[in-house]
Amino acid sequence: MTSLGGTMATQGSLLVQPVAGALGATVRGLDLTKVVEREELDGIRQALADHLVVFLPEQDLSLDDLERITDLLGGRDVTPFVHPLEDRPYVIRVVKEPGDAINFANAWHTDLSYLTAPPSYTLLHAWDVPDHGGDTVWSNQYLAYESLSRGLKSTLAGMKAVHSAGMAYGTGGLLDKAKSLTSMAIAPSPDAYEEQAHPAVIAHPVTHRSALYVNPIYTTRFQGWTQAESQPLLEYLYRHAVNENFTCRLRWDVHTLAIWDNRCTMHNALNDYSGVRREMFRTSVKGQVPQPAV
């Protein structure tokens, strides 16, 4: 059965229900604590290819379970500039305590786009959530690219964008200056200022669709352009890329697992729950060097 609009569809034993027209689906029918073989996640992979981000409610996962599922999706990868759990180098704790003023990832971005091979997927599992607020929003970067004018698509063809973690994680950067305002285990470093160039429009290795691949946290300029020359076009693309018609939004519940494709989405964790605790655990799945759209 194929999903049409909000109709629930079946993929094997899975029930896949879209949550918005642009992207996102709730997936039921699979107990991830019992999944031990790669092939058992084929339905999840297909749902990700179709919907870009999937939400699996009522998944009472241990950290061992979370790491096992990450491995079955393609292998664990580290998250630079954030201290992992002491005994789990591939797991980071995403927490906001009641007294914190800022939360983690409260800006539109694509995870770790500053790496040579950014992660393919991110997994985020909710352990403690506010009774309202603390939602996460995702935006479809296929649609962001497809809705550009023919002229702008032509301009971006062959261009590369330079990415760096420096603004966020560099010594003296935003999070270094704000470390007293958060309980996150941030590890600022001069290494964060290293740069990596990726195509401004990439070809997804699974779907082969073209996706816009710039984001306001890690993209600094176009290769061969100055920052001043780059900024007007980048600012336009940033605004365009998160048009509300391209988005979906998740109201978290305890034990919900979200998995999203970093190659064709941006996301933003909203900071609208002052004085309330929120705790999650995150892993990343190894990715490939982004390739240009053709």
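The values are calculated or read from the model by the stated rules, or taken from the named source; none is laboratory data. In this text the structure is predicted, and so the values were computed from the model without any measurement. For neighbour counting, all protein chains shown are included, and Cβ atoms are generated from backbone atoms with ideal geometry for every residue, glycine included. All accessible areas refer to the heavy atoms of the entire protein, side chains included, with ligands and DNA or RNA removed. Shrake-Rupley method; radii C 1.70, N 1.55, O 1.52, S 1.80 Å.
In segment 224-253, whose amide N lies under 20 Å from the spot 7 Å out along Cα-to-Cβ of residue 147? List them in ranges. Flagged as within label range: 233-250.
Accessible surface calculations at 1.4 Å, restricted to protein heavy atoms, place the chain at 44 Å² per residue.
Annotation: amide H of residue 163 within the under-5 Å range of 196, 197, 198, 220, sequence separation 5 or more or interchain, hydrogens built in the peptide plane. Excluding same-chain neighbours fewer than eight residues apart, no lysines are reachable from residue 153 by a Cα-Cα span under 17 Å. Of all accessible surface on the chain at a 1.4 Å probe, what whole percent is carbon and sulfur? With neighbouring chains kept in place, the figure for the chain is 51 percent.
In order along segment 177-188, phi translates into HN-Hα couplings of 5, 9, 5, 6, 9, 9, 9, 5, 8, 6, 10, x Hz, rounded to whole numbers, per the Karplus curve 6.51 cos²θ - 1.76 cosθ + 1.60 with θ = phi - 60° and x for Gly and Pro.
Shape analysis of segment 160-276 places it in the oblate category; the axes a ≥ b ≥ c from the Cα gyration tensor give an a/c of at least 1.5, with a/b not above b/c. Rounded to the nearest 0.05, the FRET efficiency derived from the C-beta distance between residue 229 and residue 83 at R0 = 41 Å is 0.65. Taking 7 Å steps out from each Cα toward its Cβ at residue 291 and residue 197 produces label points 2.0 nm apart. In this calculation the C-beta distance from residue 39 to residue 254 is compared with R0 = 41 Å, giving a FRET efficiency of 0.90.
Rounded to the nearest Hz, the phi-derived 3J(HN,Hα) couplings of segment 169-176 under the Karplus curve 6.51 cos²θ - 1.76 cosθ + 1.60 (θ = phi - 60°) are 10, x, 4, x, x, 4, 6, 5, where x marks glycine and proline.
Phi angles of segment 269-280 translate, via the Karplus equation with coefficients 6.51, -1.76, 1.60 and θ = phi - 60°, into HN-Hα couplings of 8, 6, 10, 10, 9, 4, x, 10, 8, 9, 9, 9 Hz per residue; Gly and Pro are given as x.
Here segment 211-291 is treated with +1 on each Lys and Arg Cβ and -1 on each Asp and Glu Cβ, and its dipole about the Cα centre works out to around 220 debye. Between segment 18-50 and segment 188-213, how many Å separate their Cα centres? Cα centres, segment 18-50 to segment 188-213: 25 Å.
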